[in-house]
Structures are given as C-alpha cells and as structure tokens.
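Report on one structure; see the data block that follows.
The values are calculated or read from the model by the stated rules, or taken from the named source; none is laboratory data. All figures in this text were calculated on a predicted structure; none of them were measured in a lab. Don't worry about glycine lacking a Cβ; one is built from the backbone with ideal geometry, like all the others, and counts go over all protein chains shown.
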C-alpha cells in the first residue's frame with residue numbers, strides 16, 4: 001500500500017477516534033493557545049460548536065484566576081500527568097475539570113492534545129461531605145459548650161432565685177436579681193435552640209400559641225433584619241394551637257427572617273402573618289406532604305429580589321445556596337423544612353424574579369383541649385426531712401443544690417464522683433430516700449452509679465440531672481422518658497418541686513434507665 005494512502009488511513013482513523021471519543025478532547029496550539037480542533041463531547045460539555053471553538057483561544061474557557069496557567073504547565077519540564085482546573089462554559093457557569101495533556105504535532109504545528117474529565121459532580125459531593133463533617137464537628141462542639149453553659153446558668157439562676165427568696169419586697173437589689181434571672185432564662189432558651197440546630201436535642205412537642213411565639217420574637221427579629229427593613233405583623237384572631245417545639249419554631253422564624261433580609265440588601269418590607277386554614281388538597285400541587293385537614297398557616301413574605309422556578313425547586317436541598325462562597329451554608333432552609341416535617345406539617349414557597357418571596361408554613365392545628373400528657377402528681381409540700389445523696393462533679397453546682405435542699409429541710413450527703421458516692425452509701429446506716437446524680441461524670445456515669453446503688457438499696461429513688469445534649473445522655477444509658485429527669489439549667493424552686501414529685505411519685509423514679 002502506498003505510503004500516502006497509509007498515512008491518509010491513519011489520519012482518518014485518528015479523526016474517527018478523536019471525534020467519537022466519549023471523553024471531551026481538544027487540540028490547542030502550544031504557542032498561541034488557539035483551538036485547532038475539538039470533538040463532539042467537548043462541544044457538549046462547554047456548549048460551543050466546533051466552529052465557535054476554532055475561532056477562540058483557550059482564555060475564553062479558563063476561569064480568570066487561572067488565565068495562562070495551561071500554557072505555563074505545558075512548557076514546564078515538571079508538567080503533571082493530570083491536573084484540576086476551573087473552566088467556564090458558554091453560559092458562564094463554572095465547571096471543575098481534570099485534564100491530561102499530551103504534546104503532539106498537528107498540521108505542522110506543536111500542539112497539545114487535552115483529554116478532559118468533568119469532575120464538577122465529584123467536587124460537589126466532596127464539598128457536601130466536608131460540610132457535613134464540619135456540621136458534625138460543630139454539633140459536637142455545641143453539645144460540649146451547652147453542657148458547660150448550662151452548669152453556669154444553673155448557678156446564675158439558682159443564686160438569683162435564692163437572693164429573691166430572702167430579699168424583702170422593698171429591697172432595691174430585687175430588681176437587679178430579677179433582671180439577672182430573666183437574662184439567664186433567656187440564655188437557657190438560646191442554648192436549647194443551639195442543641196436543636198445541631199440535632200442534639202429531641203423535639204419537645206407541646207401545644208403552642210404561634211401568635212405568642214411570633215410576638216415574643218419580634219424584637220429580636222427587628223435587630224436581626226436591620227433598620228432599613230420594616231417588620232409588619234398580621235396575626236390572626238382566635239388562632240388555633242399547633243403541636244410543636246417552641247425553640248424549633250423560633251428557629252424556623254429566625255431562618256426565614258434571615259433569608260428575607262438577604263433578599264432585600266437595599267431594604268424593604270418583611271411581613272409575618274398567621275391564620276387558621278383548612279386544606280382539602282394541596283393548593284399548589286407542589287407539597288405532597290400536605291394532607292387534607294386543619295392547619296395554622298404561617299406566612300413570611302418579603303419584597304426582595306425573588307427567585308426563578310429552577311432555584312425555587314432546589315431551595316430546600318441541603319447545601320444548596322445562591323449566596324457567594326462563605327456567605328451561606330445552604331442549611332438554613334433545609335433546617336426549616338426538616339423542623340416543619342417533624343412537626344407533621346409542610347412548607348411551600350411562592351416567588352418570582354423581582355416579585356418577592358412568600359414562605360407558607362402549614363402546621364397541623366390541634367384541639368385546644370388536647371391532653372399533653374398525664375396530669376402532674378399532686379405535691380403535698382415543698383419541704384421535707386428525707387435523706388438525699390447528691391452526686392455532682394461541678395463544685396459550684398453541687399454547692400448550690402446542697403444549699404437549696406438544706407434550706408427545704410433535707411439532709412444532704414454530697415459526693416463529687418460516683419466512687420465517693422458509693423463509699424458514702426456504704427458508710428450510711430440510715431435510709432437514703434433519693435439519689436440525685438449528674439448523668440455524665442469522669443470515670444463512671446450516673447446511670448452506672450444508680451444501677452449499683454439500686455442493687456444494694458432497692459427502695460432508693462433516682463433523679464437524674466444534666467446539662468448535656470439528648471444524644472450524650474442516651475449514650476450513657478439514660479432515656480428521659482423512662483426516668484425522673486431534671487435538665488440544667490434549673491432553679492431552686494424547680495428543684496424543690498421535682499424532688500417532692502419524685503419522692504411522692506410512682507416507681508418510675510426507681511428505674512435506673514434502660
């Protein structure tokens with residue numbers, strides 16, 4: 001076969017392989033960065049036709065921060081076999097690609113054959129994994145901080161209440177103590193919200209007045225959205241109650257308010273409305289979770305930039321955000337949707353570019369007469385003379401609890417750890433009526449201590465206290481629904497009431513937990 005014909009066949013085979021290869025490929029001049037040829041897969045990835053490609057240079061697809069880098073690497077003696085790049089398609093969308101480069105001769109010119117792999121999806125998955133790992137770390141940190149914070153709040157609220165109990169009505173220090181107590185109570189609510197956000201606190205569903213929740217949070221929302229945004233409330237009359245966690249409902253309101261604020265950088269109006277609603281079917285056909293029934297409808301509307309349909313369909317996805325890098329996590333609306341779903345409701349959004357946005361949160365209406373749980377046991381007295389074994393590793397909390405209990409007439413044996421508690425119990429010849437123990441302590445847990453003491457003293461009752469997260473408590477074998485439990489922070493009054501409830505209550509307080 002003549003050499004010329006042989007070369008023509010080889011050239012045809014090369015072009016066939018090049019054109020039909022499933023991987024994007026292009027050839028660029030090594031000196032001028034002009035595209036000399038591209039295959040169909042490259043046209044599909046970047047959105048340019050082959051004619052458009054061959055009229056351009058490489059800088060058209062390179063991200064601005066990487067302009068010129070390709071040629072530099074091509075000329076480098078230590079050029080990597082493959083490297084990652086940020087490129088732009090014809091619509092300006094950034095894509096992540098990995099490129100393997102081979103130097104070739106093409107049409108008598110020194111050129112680079114590039115084999116391109118689109119790794120945008122892989123990078124997104126990696127970013128999501130990193131975000132999830134960061135959120136897990138934040139959750140662990142939140143749980144630890146909440147424990148320490150709750151111990152401090154127990155001390156602050158406790159001694160504030162002790163001061164109020166002793167101070168005369170006309171004592172000028174009463175007002176200061178009352179303000180300290182209110183601030184500490186609010187701080188305790190914020191800690192609870194942090195635990196809910198990190199999913200380290202189980203939702204406490206109770207009948208909730210949504211109007212009261214909105215009104216109480218309005219001052220904070222005004223500070224949050226700024227002076228250039230007007231906050232309007234339109235709260236419905238005779239609004240039904242919803243079964244929800246008050247802290248999580250506040251979180252929903254705050255997240256939606258922040259989302260609206262960011263949509264109105266030049267100012268605007270944020271409107272929060274509530275109304276009773278009866279749904280016979282999903283009014284917009286977009287929320288299959290919305291069943292027929294009676295609801296309380298919470299609407300959060302803004303006069304902001306709005307969003308297109310493609311964005312609207314994705315806003316509740318985890319890690320999806322339209323904000324610039326570092327300005328948002330993509331978890332705010334995802335968290336809202338999760339909270340509403342766990343409350344038995346559904347959330348929808350109405351929006352159009354330039355027409356503002358309205359989030360519609362449907363929460364199931366409950367009968368105002370619904371029983372939340374068994375009636376609280378009748379407490380015959382606040383004081384007592386029983387013997388209590390107190391185990392708490394935080395010295396100041398232990399001192400506060402001992403002082404509060406002794407003021408009510410109890411005899412208190414105090415221990416700083418489970419080993420000391422067991423020694424005290426062994427040495428005590430009298431009946432110990434109640435064990436009050438922290439759940440999480442060094443060396444051994446309160447759960448292990450309670451089980452050990454119950455084997456020796458089967459008539460002892462147990463009250464657990466803790467400022468740790470729900471998950472941390474459960475890991476120590478304590479399920480709050482099955483035992484007597486008092487969460488930190490608590491006041492001396494709450495402690496006294498709970499102690500009498502346990503001492504006069506049923507056998508639940510004799511269970512060490514499962």
Residue 399 being modelled with pLDDT of 85 or more and surrounded by 14 or more Cβ atoms within 10 Å (Cβ to Cβ): yes
The stretch 32-51 residues that are under 21 Å from residue 74 (Cα atoms), paired with ones that are assigned to a helix (DSSP H, G or I) (beta carbon under 6 Å, 6 or more apart): 33/58; 33/71; 35/53; 38/50; 38/53; 39/18; 39/19
The stretch 394-423: number of residues that are outside any helix (DSSP H, G or I) and out of contact with any strand residue (DSSP E or B) (no Cβ under 6 Å at 6 or more places or on another chain): 5
